[in-house]
Structure formats: C-alpha cells, structure tokens
1. Give the aspartates and glutamates whose C-alpha is closer than 17 Å to that of LYS95, dropping any in the same chain fewer than 8 places away, or say none.
2. Once you list every other residue whose beta carbon is under 12 Å from the beta carbon of ARG163, what net charge do they have if Lys and Arg are +1 and Asp and Glu are -1?
3. In square angstrom, what is the accessible area per residue of the chain with a 1.4 angstrom probe?
4. By what distance, in whole Å, do the Cα atoms of the chain stretch along each of the three principal axes, largest value first?
5. How high is the relative contact order of the chain? Use alpha-carbon pairs under 8 Å, at least six apart in sequence, and give a whole percent.
6. In whole Hz, what ³J(HN,Hα) sequence does the range 145-162 give by Karplus (6.51, -1.76, 1.60; θ = phi - 60°), x for Gly and Pro?
7. From the backbone phi of the range 7-17, what are the Karplus-calculated ³J(HN,Hα) couplings (6.51 cos²θ - 1.76 cosθ + 1.60, θ = phi - 60°) in whole Hz, Gly and Pro given as x?
8. Any idea how far apart THR108 and LYS134 come out in nm if each label point goes 7 Å out from Cα toward Cβ?
Amino acid sequence: MNLYLRYFDDETLVHDVEEALVFLSNIDEIEITPELEADLRDYVASDDMYPKRYKVRSRQYFIIIKTEAETMQDFKDKKAVRQVAPTDPKVAEQKRLQEILPGWYEGTLDFKRVVVNHLGKCEYRDTTFTAQCKAESIIDCYNRICDYLLTCVDKRSQFPAARGKNFHCHYLGAEKPLS
C-alpha cells in the first residue's frame, strides 16, 4: 500500500510512513509532533481506505490517501482505484433500491411536515404517509411519493433519504392490490 500526500502544490507518492514523514518535515508550515506522527502511523496501519486530512492551521490542511498505485502517473490516471467489494452493505442496499421490478409497491415515509401555527410561525411535525403506487423499482416508488407530497405540503417540509430508516417499502405484486 502506497501513500499519496498533498499540501497545496506540494505532492508526492511514497511507499511507507517514514518517507511520508520526511516529505512532511520538508514543508516549513507543517510541524511534526509526536501526536501527528502517532496518528499518521495508526491511520496507515488501519484498514480505513478513506482519505484523511490533517489541519495545519485555520483553513489549511494536508491530505493523505492510501493507494495501490505504484507511480504518481498511475495515481493521476486512477489506474489503481480500489474497487468496492460487492458484499459492501451500502452497495447491496443501492442495488436493492434500483432493482427493476415493475408492479405495485406500498411505501411508508416518515417526514417532517411544515405547519403554520395560529401565531403564523412554522413548526415541524412528524408525519407518516403511506401510499400504494405503481412503480418500476423501490427508488421509483420513493420518488413518486415525494413528488406527490410536494404538491400537497409546504415546500419547506423535510423528506428522509430513500436509504434511511424513515422510508419503508415492499412489493405488492404485478397486479393491482384489492385493498
């Protein structure tokens, strides 16, 4: 695993923490403290693949990215981009939402509805809305419910994400339900 480091226009691709520390120590604005060194070593040793940024001073950071690229050009060309594992729960959830299965769905949405009280002030009220609709997928059902609600409620109402815990949907079948 290699490391890409960048501070403004200064950037490098190194092979280990020691080389990263040498690069950082050559930048005048960055002070290598024992805490920074320990945190950097912990980050490199972890399985975390997200980029990490370190604050140098107000609104100034340097970033570090783990990569499998062997050269800077490979990194720039994104030749060593790590593929997301197909067993990743976020990827599986996204595929489930977009899976095409035309028919009838029942979706329940818990959202924050804006209501104007007797004093003319806005209040957010927790509201549950359930609807049966014909859709192509779960995400299509979600979009249809949100589009309908936007015609009925105040535009300032807040809708949850389709992947969140406040939206539930299940497939009723290809034929129209009797209820």
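The values are calculated or read from the model by the stated rules, or taken from the named source; none is laboratory data. Note that the coordinates shown come from a computational prediction; the quantities given were computed from them, not determined experimentally. Cβ: placed from backbone, ideal geometry, glycine included. Neighbour counts: every protein chain shown. Ligands, DNA and RNA are excluded from the accessible area calculation, which covers all protein heavy atoms including side chains. Shrake-Rupley method; radii C 1.70, N 1.55, O 1.52, S 1.80 Å.
1. Candidates past the 8-residue exclusion: GLU136, ASP140.
2. That works out to +3.
3. About 68 Å² of surface per residue is accessible.
4. Principal extents (largest minus smallest coordinate, Cα): 70, 48, 25 Å.
5. 18
6. With the stated coefficients, the range 145-162 comes to 5, 5, 4, 5, 5, 5, 7, 10, 10, 4, 5, 7, 4, 10, 9, x, 6, 5 Hz.
7. The phi angles translate into 9, 6, 8, 7, 8, 7, 10, 10, 9, 7, 5 Hz.
8. Using points 7 Å along Cα→Cβ, the separation is 2.5 nm.
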